[in-house]
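Okay, structure first, notes after.
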Amino acid sequence: MVDKVQNLSLSQVISALSYALDLTEGQPAGHSVRCCWIGMHIGKIIGLESKHIWNLYYTLLLKDAGCSSNAARLYELYGSDERQAKKDFKLVDNDSYKQMLDFVLKHTAVGSGLISKTKRLINIARFGDEQSTEMFATRCERGADIAKRLGFNEEIADGIRYLDEHWNGNGKPYGVAGDQIPINAQIALLSQVTDVFFQTGGQVAALNEVRSRKGSWFNPALVDALLSLETQSPFWETLTKTDLESDIRSLEPEAEKITLTQQKIDDITYAFAMIVDAKSPFTHDHSSRVADYTVKLSQHFGFSFEQQREINRCALLHDIGKLGVSNHILDKPGKLTDDEFKQVQLHPLYSEQILQRIQPFNRIAKICGAHHEKLNGKGYPYGLKSEEILFETKLITVADIFDALTASRPYRDAMPIEKALSILKSECGSSIEPDIYEALIQILPQLAIGAESQNG
């Protein structure tokens, strides 16, 4: 088997999957690649060498790799939609007491009663700074760890680790200042703020905001580099494109470009599954367990090594679209409203849209996008019927349901295996294939199922 993947580069895969990171940050699609466009121009203007430009490139695309790890804590702290809070926080200058106070008042216990809001505000007043620092640290360290798991070097990891530090030392979580902050992190933060304000107010708004934070948030020399692009219309016009991945790929140093191996794709897939599962304490290791169950089911049905590899990737990435669903829905202990359930129903569609950005992943995208379909046509998001659903999808569906039943959820404890199997059996013929259910029973001794459900 040829290990090299023809016509597929590392930059193609990472830039495509970066759209998943935009989802969990509440940013308009393409935020990470737009930051890459901005930051790479700054890096070249200040004269970074080719090898450092390559490190900057992946720092920018992966700057939000740890973003899902603080989602649950942020929801717990504010009691509101953490994706909206993340989006709006990027518009706040935290050197301004008024902006910070306005942000807290606007985002705490949205839709809740006065007593609930007051309790949360008191908690934020007492512990908010400490908890905020902890959440920044979790996000930054998790992102750096994921970069290293992907095989990237320490320079890239540090660029992610120190993303939220400010030139004046008032950033988080470490409070380092000036040239103690890695240059990649400095450029990434400047690029982030530029894109956020460009998307909300255009070029003038972006440059005005950057000027106002010169010397406080940002290295003055980097601000001057960005300002030198003020009259370069093509630079700003590119930021208005709905798809600029080809522009981004053209910025990667040619000598540093990496053609992917199958093993490298497996590593990337696993790392992004970790990002998905970190979003909620109730989905810890969910994707890896579903992948394990699905691969063992595929072996039962005689899948080849190549087929097992593909379905493993599918199972690991099937829920990548959940990064676009707020934790105030995913972690809700009570019954979802109709509107909340409609938002949950969008996650397989998001998964499909993200994975379609990688041309060789078109089949994987189709498999993942249908994992909540039912044989009787009453699933979502498309209402497909049995003959329209790929067999690989049907395997993932059974594994996904089984793991969901035998793991803890915000609204119930983990089920005993016998009860989970009884529920699955009742869905045979309407939601799931009976022969896959029978196969699941046969492979049960091979599965590493949570102790809670095994002990009942």
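The values are calculated or read from the model by the stated rules, or taken from the named source; none is laboratory data. Keep in mind it's a predicted model, so treat the numbers as computed, not measured. We place every Cβ from the backbone using ideal geometry, glycine too, and count neighbours over all the protein chains shown.
Observations
- Considering only residues in region 354-368 that are more than 19 Å from residue 436 (Cβ to Cβ) and in contact with an Asp or Glu (Cβ under 8 Å, 6 or more places away or on another chain), the one that is modelled with the lowest pLDDT turns out to be 357.
- Only one of the numbered conditions (1) modelled with pLDDT of 95 or more; (2) under 18 Å from residue 89 (Cβ atoms) is violated by residue 279, and that is (1).
- Test: residue 196 is surrounded by 18 or more Cβ atoms within 10 Å (Cβ to Cβ), in contact (Cβ under 8 Å) with a residue 24 or more places away in the chain, among the β-branched types (Val, Ile, Thr) and not in a loop (DSSP other than H, G, I, E, B): yes
- Pairs meeting the criteria (first residue in region 88-111 and within 21 Å of residue 208 (Cα to Cα), second residue of a type in the set (Lys, Arg), beta carbons under 9 Å, at least 6 apart or on different chains) are 88/106; 93/213; 94/172; 95/213.
- A count restricted to region 77-88 and to residues that are part of a helix (DSSP H, G or I) and buried (at least 17 other Cβ atoms within 10 Å of the Cβ) stands at 7.
- Among the residues of region 217-252, those that are surrounded by 15 or more Cβ atoms within 10 Å (Cβ to Cβ), part of a loop (DSSP other than H, G, I, E, B) and either over 26 Å from the mean Cα position of the chain (by Cα) or basic (Lys, Arg) (or both) comprise 219, 229.
- Selection count where residues are closer than 17 Å to residue 76 by Cα and either assigned to a loop (DSSP other than H, G, I, E, B) or among the aromatic types (Phe, Trp, Tyr) (or both), scope region 97-115: 7
- Scanning region 279-296 for residues that are buried (at least 23 other Cβ atoms within 10 Å of the Cβ) and either part of a loop (DSSP other than H, G, I, E, B) or without any contact (Cβ under 8 Å) to a residue 12 or more places away in the chain (or both) returns a single hit, 279.
- Verdict on residue 334 being in a loop (DSSP other than H, G, I, E, B) and either touching a residue at least 24 places away in the same chain (Cβ under 8 Å) or not assigned by TED's automatic domain parsing to the domain that holds residue 449 (or both): yes
- Restricting region 337-376 to residues that are basic (Lys, Arg) and assigned to a loop (DSSP other than H, G, I, E, B), the residue that is nearest to residue 83 (Cα to Cα) is 357.
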